[in-house]
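Comments concern the structure below.
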Amino acid sequence: MTPRVFVVDDDPAMVEAVMAVLVHDGFEVDGASDAAEALRIVLRNPPDLVVLDVNMPGLTGWEICDILRRQPRTAGLPVLFLTGRGEVADRITAMQVGGTDHLTKPFRAEDLRARARVLTGRSATKGVR
Amino acid sequence: MKPTQRREPLRIVSREAPVEAPEIEKLRLESLLHDPVTGLTLHPFGDLKGERVANLGVIYVQLGRFAGVESLYGWELYDRILRVTAASLREDVPASPFAPGFLTMSFNGSDGVFVLFDLARRAPGKKGGTLESEAARLRLGVIRRLKQALGRSSVDLMHVHATALAVPDDPRVRPGRNVMRALAEASRLADARESGEKKSFVERLKAILSGRKLRAVFQPIVAVKTGQVLGYEALIRGPQDHELEMPDDLFAVARDGDLLLELESLCIETVFSSLPRVARGKRLFVNASSRLLTHSVFLDDRNLAEMKRAHGDVVLELSEKEVVFNYPAFREVVARLRAAGFGFAIDDAGSGYSGLESIVQLRPEYVKVAHTLVSGLQADRIKREIIGSLAALARRIDAELIAEGIEDPAELASLEDLGVPWGQGFLFGRPAARPVVLRPPAAKPARPRS
């Protein structure tokens, strides 16, 4: 079955860019630029991978990941943080909220594809928490 | 309510019941009210539902703040400690004679768990067991399980305390405030007990210092590919089987007793007076704080010359967090020590205090990757990512990376893949007065690559 990816970023252009990269690689991709809306969709129908921005109005990516980890249906869902925040402390926060992987913007298309492949290939993997 | 019910999910989201707008706020609130690690509530009143409790019993189990476990060992180990503690209490509370009156179990958000009972609903048939003896039983259960799970000597020093308190209801007082005061009082009692123990530990440290009873042990640092020995890190131990045998414990107590400089000076002296033969021809890594390095007694030319005489190739290891906060203050000192022939290493790199700032500022010859990052890196992409960026930075400033705490061949293989040249850990040899270098089995033959 085609792995399904859900992209969350408050910048619609970024959502589209990520979607384009992954669709090109044969993923089924959906996305949303409203964080709360995105969380609702992911909780209702968990994909095989969530690509998550951190700085967003309303809910941050860290809050979303923390909520996903607390819900039985999404507790083990791979979460790839795709963010401009690349400091070591930010990456550690990503681990602490249960993130599975971390990629810094600007990113290279092949990096994103490679990670998406690995992460969806092991979608049963638990978060690091 | 049984304590095990506290982990219950908020609501299972299903296709039939889509999560609507207000639910997101509810999930967010639930996140704020419940600790993710222990699964315990952070807000015990919610479970009391505004009811008055005629005779409230509080048992408070506190993990000592003394040793500063989280800042010493990192959040991952502390998460484990908290999980074990919460699980232990969940398992032991139902066996209590007070269990029928169990009200709630809450986490104080940092280092203590409150177990609340309605004492009037104590099991009638069950004999024995005062609230105090229950507190003691729960405490022993926590200590036993922590030792099973972690097997560290530091569990002793973590000082698990338990206090018990019965608070009769006072109708003149609002019930919420009555509970709040009971919790504050229980935690004050625990603090008082802890400070008594602190004093006795400081006394024990003083005896070690005045009797000069420290020992130095040495752990090899080797090339991960070939096993070639780069050097040895000198580590400090208290007397064998003493409660203060491990360095973290020694330093935790010293910090508390304002004895850090005394302890550190004796550490340095001990290291240089007990160098094993194998360490002489190799690089010697010695831990130092910025406090020590900037102290006039250490910086004294004669002292430096003596160290150089004892060992000609010394690398001073400075912790990442020390450098970032203190660098401007000791820039000149670093220059002077370099001129005197000392090298530098950043210790605990990537433990998250400073980003990469401290490394850029100090320009060390070596960057030591924190063992918390090394542990289990083969199964953790974010850890590998952080080590990868440390490696890139090290290349840029011409420093070499040393991975600490390698215990597992799988970790070693991952480090090799990431291009980390040097390693240290049980896999290559334990710290010992006369260290022996091991050749890990996985390091010798070339691994088949998938």
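Nothing in this text is a laboratory measurement; each read-out follows from the coordinates by a stated rule. If you're wondering where the values come from, they're calculated on a predicted model, not measured in any experiment. Because the Cβ atoms are built from the backbone with ideal geometry, glycine has one as well, and the counts that use them run over all protein chains shown.
Normalising by the residue count of region B:300-353, find the relative contact order in percent from Cα pairs under 8 Å and 6+ residues apart.
The normalised contact order for region B:300-353 reaches 51 percent.
Pairs of Cα atoms under 8 Å, at least six residues apart: use those to get the relative contact order of region B:19-194, whole percent.
33 percent
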When A:7, A:54, B:278 are ranked with the fewest other C-beta atoms within 10 Å first, the list becomes B:278, A:54, A:7
Can you pull the mean other chain C-beta count within 10 Å for peptide A:73-85?
-> 1
Pulled fully out, how much extra length does the chain show between residue B:32 and residue B:302, if you take 0.36 nm times their separation in residues and subtract their Cα-Cα distance?
-> 91.5 nm
Trypsin sites (Lys or Arg not before Pro), loop per DSSP, at most 12 other Cβ atoms within 10 Å - longest free stretch of chain B | B:213-448
How many percent of DSSP beta bridges within chain B run antiparallel, rounded to 5?
-> 60 percent
Estimated [θ] at 222 nm from DSSP helical runs (n ≥ 4, -39500 (n - 2.57)) normalised by residues in chain B, nearest 500 | -13500 deg cm²/dmol
Counting DSSP beta bridges with both ends in region B:198-357, the antiparallel % (nearest 5) = 40 percent
How many nm separate the modelled label positions at residue B:262 and residue B:426, each set 7 Å beyond the Cα in the direction of the Cβ?
-> 3.4 nm
Looking only at aspartates and glutamates whose Cα falls under 20 Å of residue B:49's and that sit 8 or more positions away or on another chain, we get B:8, B:30, B:35, B:118, B:169, B:170
Output the antiparallel fraction of DSSP beta bridges having both residues in the protein assembly as shown, as a percent to the nearest 5.
-> 45 percent
Highest GNM mean-square fluctuation among B:263, B:32, B:356, for chain B with Cα springs under 10 Å, belongs to B:32
Given the Cα-Cα distance of residue B:195 and residue B:52 and 0.36 nm per residue of separation, how much length would full extension add, in nm?
-> 48.2 nm
Scan chain B and note any complete DSSP helix (H) whose C-alpha atoms cover at least 18 Å along its axis and whose Kyte-Doolittle average is -1.0 or more.
-> B:21-33, B:75-92, B:131-150, B:175-210, B:260-273, B:320-339, B:381-396
For residue B:25 and residue B:433, what is the calculated FRET efficiency with R₀ set at 60 Å and r taken between the beta-carbons, to the nearest 0.05?
-> 0.50
In percent, what relative contact order does chain B have, based on Cα pairs under 8 Å that are 6 or more apart in sequence?
-> 13 percent
Cut-off 19 Å (backbone N to label point 7 Å along Cα→Cβ of residue B:72), residues of region B:221-254 | B:234-254
Entries of B:147/B:206; B:199/B:308; B:147/B:199; B:225/B:308 with Cα pairs more than 32 Å apart | B:199/B:308
Would you mind getting me the FRET efficiency between residue A:4 and residue B:410? Use the beta-carbon distance for r and R0 = 35 Å, nearest 0.05.
-> 0.70
